[in-house]
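J.: This is the structure I have questions about; it appears just below.
The values are calculated or read from the model by the stated rules, or taken from the named source; none is laboratory data. Values in this document were obtained by computation on a predicted structure and should not be read as measured data. No Cβ is skipped: glycine too gets one built from the backbone with ideal geometry, and neighbour counts run over all protein chains shown. Heads up: the accessible areas ignore ligands, DNA and RNA and are worked out on the full protein's heavy atoms, side chains in. Shrake-Rupley method; radii C 1.70, N 1.55, O 1.52, S 1.80 Å.
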Amino acid sequence: MTAISNLDLAVIVADDVQWTDVRRCILAAPPAVLESVEYLSTYRGEGIPAGQKSLALALTLRCPDKTITAEEAEEARNTVLGALTEKLGARLR
């Protein structure tokens, strides 16, 4: 049996960026251990600049033959953030 690791992430993006854009970006070059990515919520308000919003998402990570290490989870997070930053101008909230 393999262990699943769940990782929640919130990124700030322009108001015109849709969840489908974020999902498509992640799935275009997914980390090797990514099993799924799901939408959690959208937030606009205090702490978020005008014209932007925060999107929260959940990453499910799984390696078929072993438990995912903290380093592998961090690498997956960095891969996702890198893709979102490069393609959509996102930044970590």
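J.: With respect to Thr42, is the statement that it is open to solvent by 60 Å² or more (accessible area, probe 1.4 Å) and at pLDDT 95 or above true?
T.: When the stated conditions are applied, Thr42 does not pass them.
J.: Starting from residues that are surrounded by fewer than 16 Cβ atoms within 10 Å (Cβ to Cβ) and free of Cβ contacts under 8 Å to residues at least 40 places away in the same chain, keep the ones in the stretch 49-78 and report whichever is farthest from Ala10 (Cα to Cα).
T.: Here the answer is Thr69.
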